[in-house]
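> I'd like to ask some things about the structure below.
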Amino acid sequence: MQDRETVLSVRDLNVKFSLRGRTLHAIRDVSLDLYKGESLAIVGESGSGKSVFVKTFMGLLDANGWIDSGEIVYKGHDLTKYNTERQWLSVRGKEIAMVLQDPMTSLNPLKTIGAQILEAIELHQGLTGEAAHKEMISTLVDVGITEPERRARQYPHEFSGGMRQRVVIAIAVACRPKILICDEPTTALDVTIQAQILRLIRSLKEKYELTTVYITHDLGVVANVADRIAVMYAGDIVEIGLCEEVFYQPKHPYTWALLSSLPQLGIKGEPLYSIHGTPPNLFNEVKGDAFAPRNPRALKIDFVKRPPYFEVSPTHKARTWLLDPRAPKIDPPEAVQKLSTEGVLGYE
Amino acid sequence: MSEEREVLLSVRNMDVCFGKKKKLFKAVNNVSFDIYKGETFGLVGESGSGKTTIGRAIIRINPTTSGDVIFKGKKINGKISKELDRQVTREIQMIFQDPMASLNERAKVDYIVSEGLFSGERIPEAERKAKVAKALAEVGLLPEFASRFPHEFSGGQRQRIGVARALIMQPDFIIADEPISALDVSIRAQVLNLLSVLQKERGLTYLFISHDLSVMRFICDRIAVIHKGVLVELAETEKLFAHPLHPYTRALLSAIPLPDPAREKNKVLEVYDPTQHDYSVDKPQWVEIEPGHMVWGNEAELKKYREIVSK
């Protein structure tokens, strides 16, 4: 893993927002290396900062937010130093493209599908006229849209949700990016369509040699797409590792809690594990382990000192005092053990 | 076992249509099912399948075009007496998907929770207050929350307010339309646990409408699958997962994302192709293929299903 080529490197990133005269610390000292050709999934609940985190890669923070410290290195440039739209335009779409959750809001309702894809092709691939048109049609074929010539002349409202999401993906890959960020790409879609879209993104990733980053709260989707998983809680990556490591040998109590509350691991007729309380208020300074107040088995030190990362394997690390050699041995909850020994119930 | 159980709600050959004449759209087509007292009955389908419309037709928000809805032995669809209408309003309650949108943001929790009480006979103010406090306590909220507004609560708490609003009417039957879809994973568990505790304590019956089969498997006793307004299969939960017969059910089950990489990465996706059914001559029917297991199909398909079942 060490010798893999890093495409994007985030170091000690801090992002803050100013809201009604108060400061919200949304991202707290996050570091992450994104490897070429991998598929990374960032998991977390709403408000954990996962969307904000990837928005910083594209300079898309809301006006009241700023990068307080840290760096984001892409191709030798520190993106946190970018401050003009012009500089950002060399990255957005061209290098890093994004697919958003709701395809209805990310498409222009007044332009035909073809025109919207053409725009990306002309801008980013430098093609014009007949060549651009040809490219547009072949992109539509790539994303699985039949009768591309006819469909290209149609407007977004003439497409179903799943088809619209295919169009959004077509626009994203038409920019020929190196990194594709998918922010909850299938949340608004039906399950059967969801499975098809995930399969499509995976096949495009191979074809265009993309590095993909998925943001999602759905652990089922994560299991499907991820090579590596980063678990975010309260603006921090609390655990990161290979997909199998995070699912089968999770180390952080928050990851345990998240997995235990899955209905697929519950026993019918018995209460499902649920996490008490609410995530910490990031307007206030977080002391110690952010998850400690909701963790029934938190250690004393969890309330005092923020844990560093402990390495579990060369690819797997977690921010929890439980991994300190001096810590008492606490076994993961039963449901988590069940997941690694028996797995979840499938069908048939 | 299903023969002796008491039927609380029975839907018979129900059609719900929208629009008129040329633009007529049949959202629900000839749907029949029974819900037994005390069970959790799941209705699963994709967006636009008509699952919500069925719920709304039962609670009389959408009028039925034909067929019967029978609740506790009385027909409750179409024209009914004022008295019966009042009884239905009280005894059937609904919980909605988005707790942000379904609570009046201008009203205090006190009013939101007790609004239903104003529809019947007047009750003394002190009694109303006591009822609000009791309903809030039952869903795990503090009595002082009554004087707050919905925006002061988290998603999970808001959904509890929605549940309290239904409970205060002391219903027998609750229609929960995607009650946890808008919630985060950890909060889902809280709401699911709450619903199951309330069911045990009060003997409630639920109609649970959702698109999420993994949640339904956990809480439903029986599940009906709906596709484009037609029920295609109905069975006890584990039977449905173990022996799905209709190709649409199979496709839906195969598509559920499993939070288990070893399984998820090797799963085989089945795609449903509606053109595989040839219903031009041999018309499909809603048939009980084995006790408690209903399926929609024509003679040729049913023959095939019977062979599968007998194995």
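> Might you let me know whether the stretch A:138-159 holds any residue that is buried (at least 21 other Cβ atoms within 10 Å of the Cβ), within 16 Å of residue A:38 (Cα to Cα), in contact with a helix residue (DSSP H, G or I) (Cβ under 7 Å, 6 or more places away or on another chain) and not hydroxyl-bearing (Ser, Thr, Tyr)?
Checked the stretch A:138-159: no residue is buried (at least 21 other Cβ atoms within 10 Å of the Cβ), within 16 Å of residue A:38 (Cα to Cα), in contact with a helix residue (DSSP H, G or I) (Cβ under 7 Å, 6 or more places away or on another chain) and not hydroxyl-bearing (Ser, Thr, Tyr).
> Right, next: How about the stretch B:176-191: which of its residues are in contact with a Phe, Trp or Tyr (Cβ under 7 Å, 6 or more places away or on another chain) and within 7 Å of chain A (Cβ to nearest Cβ)?
Answer for the stretch B:176-191, where residues must be in contact with a Phe, Trp or Tyr (Cβ under 7 Å, 6 or more places away or on another chain) and within 7 Å of chain A (Cβ to nearest Cβ): just B:189.
> Which number in (1) within 12 Å of chain B (Cβ to nearest Cβ); (2) crowded, with 24+ Cβ neighbours inside 10 Å; (3) in contact with a strand residue (DSSP E or B) (Cβ under 6 Å, 6 or more places away or on another chain) marks the one condition that residue A:219 misses?
(3)
> Give me the residue from the stretch A:258-281 that is modelled with pLDDT of 90 or more and more than 7 Å from every other protein chain (Cβ to nearest Cβ) and, out of that set, surrounded by the fewest Cβ atoms within 10 Å (Cβ to Cβ).
Of everything passing the filter in the stretch A:258-281, A:260 is surrounded by the fewest Cβ atoms within 10 Å (Cβ to Cβ).
> How do the pairs read when you match residues in the stretch B:261-279 that are at the interface with another protein chain (Cβ under 7 Å from one of its Cβ atoms) and over 20 Å from residue A:198 (Cβ atoms) with residues anywhere that are among the charged types (D, E, K, R) and assigned to a helix (DSSP H, G or I), using Cβ under 7 Å and keeping only pairs 6 or more apart or on different chains?
Correct list of pairs: empty, since none qualify.
> Across the stretch B:179-217, which residue is farthest from residue A:265 (Cα to Cα) among those that are in a loop (DSSP other than H, G, I, E, B) and of a type in the set (Gly, Ala, Ser)?
Ranking the candidates gives B:203 first.
> From the set of residues in the stretch A:319-348 that are among the charged types (D, E, K, R) and closer than 28 Å to residue A:30 by Cα, which is farthest from the other protein chains (Cβ to nearest Cβ)?
Ranking the candidates gives A:326 first.
> Taking the condition of being hydrophobic (A, V, I, L, M, F, W, C) and facing chain A (nearest Cβ under 10 Å), how many residues in the stretch B:208-245 meet it?
Going through the stretch B:208-245 one residue at a time, the tally reaches 9.
> Also, quick follow-up: Look through the stretch A:285-315, keep the residues that are β-branched (Val, Ile, Thr) and without any contact (Cβ under 8 Å) to a residue 60 or more places away in the chain, and return whichever of them is nearest to residue A:261 (Cα to Cα).
Ranking the candidates gives A:301 first.
> To continue, here is another question. Taking the stretch B:196-216 only, how many residues are without any contact (Cβ under 8 Å) to a residue 40 or more places away in the chain and buried (at least 23 other Cβ atoms within 10 Å of the Cβ)?
1
> Another question, then. If residue A:310 satisfies all but one of (1) over 22 Å from the mean Cα position of the chain (by Cα); (2) modelled with pLDDT of 95 or more; (3) within 14 Å of chain B (Cβ to nearest Cβ), what's the number of the condition it fails?
All conditions pass for residue A:310, except number (3).
> May I pose another question? Of these, B:5, B:60, B:12, which one is more than 29 Å from residue B:121 (Cβ to Cβ), basic (Lys, Arg), surrounded by fewer than 20 Cβ atoms within 10 Å (Cβ to Cβ) and at pLDDT 90 or above?
Exactly one residue qualifies, and that residue is B:12.
> If we keep just the residues of the stretch A:203-216 that are among the polar types (S, T, N, Q) and within 14 Å of chain B (Cβ to nearest Cβ), which is farthest from residue B:213 (Cα to Cα)?
A:203
> State yes or no: is residue B:80 surrounded by fewer than 21 Cβ atoms within 10 Å (Cβ to Cβ), of a type in the set (A, V, I, L, M) and over 26 Å from residue B:161 (Cα atoms)?
yes
> Which residue pairs have Cβ atoms closer than 7 Å, lie 6 or more positions apart in sequence or on different chains, and pair a first residue in the stretch B:66-85 that is of a type in the set (Asp, Glu) with a second residue that is not in a loop (DSSP other than H, G, I, E, B)?
Close Cβ pairs (under 7 Å, with a partner that is not in a loop (DSSP other than H, G, I, E, B)) amount to B:68/B:12; B:68/B:75.
> Looking at (1) farther than 29 Å from residue B:142 by Cβ; (2) in contact (Cβ under 8 Å) with a residue 40 or more places away in the chain, which is the only condition residue B:94 fails?
Here residue B:94 meets the rest and fails (1).
> Residues B:154, B:102: which one is small (Gly, Ala, Ser), surrounded by fewer than 21 Cβ atoms within 10 Å (Cβ to Cβ) and within 20 Å of the chain's Cα centre (by Cα)?
B:102
> On to the next question. Of the conditions (1) of a type in the set (Gly, Ala, Ser); (2) more than 19 Å from the chain's Cα centre (by Cα); (3) not in a helix (DSSP H, G or I), residue A:97 satisfies every one except a single condition; which number is it?
(2)
> If you don't mind, there's one more thing I want to ask. Residues that are more than 22 Å from residue A:101 (Cβ to Cβ) and acidic (Asp, Glu): which strands (runs of 3 or more DSSP E) entirely in the stretch A:210-312 hold 2 or more of them?
It comes to A:236-242.
> Please go through the stretch B:117-151 and pick out each residue that is buried (at least 17 other Cβ atoms within 10 Å of the Cβ) and in a helix (DSSP H, G or I).
Scanning the stretch B:117-151 gives B:117, B:128, B:131, B:132, B:133, B:135, B:136, B:138, B:145, B:146, B:150.
> (1) crowded, with 16+ Cβ neighbours inside 10 Å; (2) in contact (Cβ under 8 Å) with a residue 60 or more places away in the chain; (3) hydroxyl-bearing (Ser, Thr, Tyr): which one isn't true of residue B:114, the others all being true?
Here residue B:114 clears every test but (2).
> Please tell me if residue B:162 is among the small types (Gly, Ala, Ser) and away from chain A (no Cβ under 14 Å).
yes
> Of the residues that make up the stretch B:248-259, is at least one within 14 Å of chain A (Cβ to nearest Cβ), under 21 Å from residue B:6 (Cα atoms) and part of a helix (DSSP H, G or I)? Full working, then the answer.
Within the stretch B:248-259, the first condition is being within 14 Å of chain A (Cβ to nearest Cβ), and the residues that meet it are B:248-259.
From the residues that got through so far, the ones that are under 21 Å from residue B:6 (Cα atoms) too are none.
No, that holds for no residue.
> Still on this structure, I have one more. State which residue is surrounded by the fewest Cβ atoms within 10 Å (Cβ to Cβ) when the search covers only the stretch A:177-193 and only residues that are within 13 Å of another protein chain (Cβ to nearest Cβ) and within 20 Å of residue A:51 (Cα to Cα).
Ranking the candidates gives A:187 first.
> Okay, next question. Test residue A:231 against the stated conditions and say whether it is of a type outside the set (Asp, Glu), facing another protein chain (nearest Cβ under 9 Å), buried (at least 24 other Cβ atoms within 10 Å of the Cβ) and closer than 24 Å to residue A:47 by Cβ. Please lay out each step first, then the result.
On the way: of a type outside the set (Asp, Glu): yes; facing another protein chain (nearest Cβ under 9 Å): no; buried (at least 24 other Cβ atoms within 10 Å of the Cβ): yes; closer than 24 Å to residue A:47 by Cβ: yes.
Spelling it out, it is not the case that residue A:231 is of a type outside the set (Asp, Glu), facing another protein chain (nearest Cβ under 9 Å), buried (at least 24 other Cβ atoms within 10 Å of the Cβ) and closer than 24 Å to residue A:47 by Cβ.
The values are calculated or read from the model by the stated rules, or taken from the named source; none is laboratory data. Just so you know, these numbers come straight off a predicted model, no measurement behind them. Reconstructed Cβ throughout: ideal geometry from the backbone, glycine too, with neighbour counts over all protein chains shown.
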